[in-house]
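The values are calculated or read from the model by the stated rules, or taken from the named source; none is laboratory data. Bear in mind the structure is a predicted one, so any value in this text is a computation, not a measurement. All Cβ positions, even for glycine, are placed from backbone atoms using ideal geometry, and neighbour counts span all protein chains on display.
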Amino acid sequence: MPQSTQTPTHIPFLNLRAAYAAQRAALDTAVSRALASGWYILGAEVAAFETEFAAAMAAPHCVGVASGTDAVLLGLRALGVGPGDEVITVAHTAVATVAAVELAGATPVLVDVTPDTATLDPAQLPAAITPRTRAVVPVHLYGHPADLDPILAIARQHGLWVLEDCAQAHGARYRGRPVGSFGDAAAFSFYPTKNLGALGDGGAVLTPHADVAERLRALRQYGWQERYVSQVPGYNSRLDELQAALLRAKLPHLPEMNAARRRLAAAYGAALAG
């Protein structure tokens with residue numbers, strides 16, 4: 001029987017050219033506005049995006065940083081996590097979650113996920129807590145929220161911080177509220193393939209605590225409390241003006257972009273089930 005010479009169809013996971021073409025006018029305008037400003041680091045675009053993203057995610061404070069990994073790292077540092085501490089998170093997550101814990105000087109303690117959601121199994125938490133445990137990092141994976149009610153209850157019972165890893169869950173909701181608005185801090189990534197993606201690296205940390213937000217702003221810029229005066233060891237981890245401008249252009253379209261992803265997922269689910 002003759003062998004088929006037909007080339008298999010390659011469908012990209014995400015077509016960034018098509019995504020740009022769909023919003024080209026708004027993105028080009030955002031780029032031009034940022035370039036024409038003459039101010040490219042921590043200017044008006046970053047400040048405006050922080051305000052707009054915080055409002056969209058129902059969080060009081062937003063601090064833009066250089067990447068999603070940095071968002072987890074700086075979030076943990078701002079909560080006081082450091083050497084000698086343990087941080088509980090899931091084994092099933094991107095390497096960045098665990099890398100950030102180690103970069104903070106803490107020890108990651110991995111627990112399993114539930115088979116139906118692939119997110120942190122709250123039943124695994126109590127056995128993982130030790131006198132050195134300082135924080136829990138539930139990961140909202142593939143856009144599916146972790147079961148936050150029992151996670152938060154256990155964490156509060158033991159006096160632990162909760163940092164939500166929302167790198168794959170911009171706009172996801174739990175009990176009717178956006179993820180990222182429940183914990184003591186929440187880390188977001190704006191890597192280009194995320195459902196809210198920049199055209200380069202970027203990230204943000206949300207928090208309900210004004211003092212945590214203040215520490216985050218210091219940590220992202222060398223630990224400065226005032227210009228050129230570092231009070232704590234910090235980083236060079238700033239969301240730049242160009243990426244902030246692009247994210248501002250995309251943010252109003254997040255609900256429709258999420259809806260499009262759900263439609264595609266449903267189509268694949270139906271086809272694979274058949």
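Of all residues in the range 168-212, those satisfying the criterion of being in contact with a helix residue (DSSP H, G or I) (Cβ under 7 Å, 6 or more places away or on another chain) and among the small types (Gly, Ala, Ser) are 169, 171, 172, 185, 187, 189, 198, 200, 202, 203, 204. For the range 132-148, name all the residues that are over 12 Å from the mean Cα position of the chain (by Cα), crowded, with 24+ Cβ neighbours inside 10 Å and part of a loop (DSSP other than H, G, I, E, B). Answer for the range 132-148, where residues must be over 12 Å from the mean Cα position of the chain (by Cα), crowded, with 24+ Cβ neighbours inside 10 Å and part of a loop (DSSP other than H, G, I, E, B): just 146. Checked against (1) in contact (Cβ under 8 Å) with a residue 12 or more places away in the chain; (2) farther than 19 Å from residue 166 by Cα; (3) in a loop (DSSP other than H, G, I, E, B), residue 125 passes all but a single condition, namely (3). So is residue 71 over 16 Å from the mean Cα position of the chain (by Cα) and not aromatic (Phe, Trp, Tyr) or not? No, not satisfied.
Which residue is farthest from residue 19 (Cα to Cα), if the candidates are limited to the range 218-245 and must be under 17 Å from the mean Cα position of the chain (by Cα) and either hydroxyl-bearing (Ser, Thr, Tyr) or in a helix (DSSP H, G or I) (or both)? Full working, then the answer.
Start the filter on the range 218-245 by keeping residues that are under 17 Å from the mean Cα position of the chain (by Cα), which leaves 220, 237-240, 243-244.
Okay, now just the ones that are also either hydroxyl-bearing (Ser, Thr, Tyr) or in a helix (DSSP H, G or I) (or both), so 237, 243-244.
Numbers: 237: 27, 243: 16, 244: 17 Å.
Out of the qualifying residues, it is 237.
Considered as a group, the residues in the range 78-121 that are touching a residue at least 40 places away in the same chain (Cβ under 8 Å) and within 19 Å of residue 153 (Cα to Cα) include one that is farthest from the chain's Cα centre (by Cα), and that residue is 86.
Any residue in the range 157-186 that is on the phi > 0 side of the Ramachandran plot sitting within a Cβ distance under 6 Å of a residue that is part of a strand (DSSP E or B)? List the pairs, counting only those 6 or more apart or interchain. Hits for this filter: 180/164; 180/186; 180/206. For the range 171-195, give me each residue that is out of contact with any Ser or Thr (no Cβ under 9 Å at 6 or more places or on another chain) and outside any strand (DSSP E or B). 171, 172, 175, 176, 179, 180, 181, 182, 192, 193, 194, 195, listed by residue number.
Residue selection: residue 55 fails the criterion of being among the small types (Gly, Ala, Ser), surrounded by fewer than 15 Cβ atoms within 10 Å (Cβ to Cβ), over 21 Å from residue 189 (Cβ atoms) and without any contact (Cβ under 8 Å) to a residue 40 or more places away in the chain. Of all residues in the range 196-217, those satisfying the criterion of being among the small types (Gly, Ala, Ser), surrounded by 18 or more Cβ atoms within 10 Å (Cβ to Cβ) and assigned to a loop (DSSP other than H, G, I, E, B) are 197, 198, 202.
In the range 2-41, the residue that is surrounded by the fewest Cβ atoms within 10 Å (Cβ to Cβ) out of those that are in a loop (DSSP other than H, G, I, E, B) and at pLDDT 95 or above is 38.
Residues that are closer than 15 Å to residue 165 by Cα and either modelled with pLDDT under 95 or assigned to a loop (DSSP other than H, G, I, E, B) (or both) within the range 42-90 comprise 57, 59, 67, 79, listed in sequence order. Screening 222, 228, 191 for residues that are more than 24 Å from residue 92 (Cα to Cα), of a type in the set (Ser, Thr, Tyr), surrounded by fewer than 24 Cβ atoms within 10 Å (Cβ to Cβ) and in contact with a Gly (Cβ under 8 Å, 6 or more places away or on another chain) leaves exactly one candidate, 222.
Listed by first and then second residue, the pairs linking a residue in the range 246-274 that is in contact (Cβ under 8 Å) with a residue 24 or more places away in the chain to a residue that is β-branched (Val, Ile, Thr), with Cβ atoms under 8 Å apart and 6 or more places separating them unless they lie on different chains, are 246/31; 249/29. Of everything in the range 9-22, what is over 16 Å from residue 261 (Cα atoms) and among the polar types (S, T, N, Q)? Give them in sequence order. Matches in the range 9-22: 9 only.
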